[in-house]
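The values are calculated or read from the model by the stated rules, or taken from the named source; none is laboratory data. Computed from a predicted structure; not experimentally measured. Counting neighbours? That spans all protein chains shown, and the Cβs are built from the backbone with ideal geometry, glycine included. Quick note on the areas: whole protein, heavy atoms, side chains included, nothing else; ligands and nucleic acids left out. Shrake-Rupley method; radii C 1.70, N 1.55, O 1.52, S 1.80 Å.
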Amino acid sequence: MEKLLTIQDISSLTGLSSYTLRYYERIGLLSGIERDENGYRKYSKTDILWIDFLIRLRNTEMPIRGMKKFAELRRQGDSTVTARRELLEIHQEKVLNQIKQLENNLTKINEKIDYYKKMEEKAK
């Protein structure tokens with residue numbers, strides 16, 4: 001039998017607050033979370049994997065609106081596989097553009113560091 005984890009366990013494991021986990025459930029990002037006889041949430045391994053994916057979407061700046069759309073498509077089942085892939089491809093393109101911008105910014109920062117190193121050398 002699979003060991004189910006409490007909201008505190010999930011909070012410790014993922015770094016999300018229990019408030020955030022309840023919020024995600026309230027807005028529909030998390031659904032089907034089991035409850036024990038006392039009404040306490042019990043998370044499965046599948047729930048943990050989904051939460052981890054949601055964290056990755058947030059970390060790559062997908063808006064909550066997009067995450068909700070993806071979650072709703074996921075709940076609808078296999079008939080939405082194409083729509084989910086397309087949504088992720090759009091997000092992937094945005095992430096690739098972010099990476100390109102970060103690389104460009106890093107190049108400029110590195111150039112400025114080199115500039116200051118040269119100035120330091122001249123001052124010696």
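For Arg35, the test of being within 20 Å of Ile10 (Cα to Cα) and more than 22 Å from the chain's Cα centre (by Cα) is passed.
Only one entry in Lys69, Lys94, Lys122 is among the charged types (D, E, K, R), in contact with a Leu (Cβ under 7 Å, 6 or more places away or on another chain), open to solvent by 100 Å² or more (accessible area, probe 1.4 Å) and assigned to a helix (DSSP H, G or I), namely Lys69.
Residues in region 1-50 that are in a helix (DSSP H, G or I), closer than 22 Å to Gln76 by Cα and open to solvent by 80 Å² or more (accessible area, probe 1.4 Å): Arg22, Arg26, Lys45, Thr46, Leu49. Checking each residue in region 33-49 for being touching a helix residue (DSSP H, G or I) at 6+ places or on another chain (Cβ under 8 Å) and either without any contact (Cβ under 8 Å) to a residue 40 or more places away in the chain or not hydrophobic (A, V, I, L, M, F, W, C) (or both) picks out Ile33, Tyr40, Arg41, Tyr43, Asp47.
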